[in-house]
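What follows is a set of notes on a single structure, which appears directly below.
The values are calculated or read from the model by the stated rules, or taken from the named source; none is laboratory data. Small disclaimer: the values here were computed from a predicted structure and weren't measured. Positions of Cβ are backbone-derived with ideal geometry, glycine not excepted, and every protein chain shown enters the neighbour counts. Ligands, DNA and RNA are stripped out before the accessible areas are found, and what is left, the full protein with its side chains, is counted by its heavy atoms. Shrake-Rupley method; radii C 1.70, N 1.55, O 1.52, S 1.80 Å.
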Amino acid sequence: MTSEVAVVQHESVGDTVLAGALAGAIGGALLLAGAMTAAAMGGMDILSPIRLIGATFLGSGALEGGAATVAFGLTIHMAASIAWGILFAAILPRVTSIAAALVAGLAFGLMVMLLMLYLVLPLVNPVMHQAVDGTNAFVFSHLLFGLALSLVPILRHRFATGLD
């Protein structure tokens with residue numbers, strides 16, 4: 001039996017944007033949790049993944065940065081996560097089974113990883129590109145991101161129906 005989230009006639013673009021933004025934010029938090037755990041397990045500073053993200057515009061000096069660098073990296077990461085979440089919600093069909101949403105979310109998470117690794121990071125953050133370079137933790141963290149994206153159909157339905 002495949003469970004599907006029923007489509008509500010009054011679902012709006014706003015419901016889709018909110019669902020994507022929330023799923024993206026949750027996914028971004030899970031991705032960071034995975035990356036920070038891997039960093040700590042590897043003997044690195046737990047905040048090093050956030051500092052690496054902060055190197056986007058600050059360069060390698062971000063790796064030694066303090067609270068402002070961490071806040072900057074966190075802001076960039078969460079903004080990107082929310083944007084990817086909204087894109088996912090926009091392209092995911094309105095009638096989607098939970099299983100299909102899970103598969104689509106995991107695939108989308110891996111697609112985001114590949115785009116970031118081979119297109120975005122080499123251009124805007126070579127410091128991070130060199131540090132992550134397709135590590136297992138990078139893959140796993142993006143799967144966690146995709147897992148959270150699979151919440152989009154449920155969130156979209158809840159926003160449309162006003163359920164708590």
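Once the Cα atoms are used to define both axes, helix 136-149 deviates from the longest principal axis of the chain by about 30 degrees.
Accessible surface calculations at 1.4 Å, restricted to protein heavy atoms, place the chain at 51 Å² per residue.
Gyration tensor over the Cα atoms of the chain: the corresponding equivalent ellipsoid has semi-axes (square roots of 5 times the eigenvalues, largest first) of 32, 15, 13 Å. Between M44, L92, F138, the Cα set farthest toward the positive side of the dipole of the chain (charges on each charged residue's Cβ, about the Cα centre) is that of L92. Descending by average beta-carbon neighbour count within 10 Å, the peptides 22-34, 102-114 line up as 22-34, 102-114, the highest first.
Taking only protein heavy atoms and a 1.4 Å probe, the accessible area of the chain is 72% carbon and sulfur. Model label sites at A25 and I154, defined 7 Å from Cα along the beta-carbon direction, differ in position by 1.7 nm.
Quote the FRET efficiency, to the nearest 0.05, computed for T135 versus S97 with a Förster distance R0 of 41 Å and r equal to the Cβ-Cβ distance. The calculated FRET efficiency here is 0.80. Take every Cα pair under 8 Å whose residues are at least 6 apart in sequence, average their separation, divide by the length of the chain, and the relative contact order is 41 percent. Here the extension length gained between A83 and L114 equals 9.5 nm, from 0.36 nm per residue of separation less the Cα-Cα distance.
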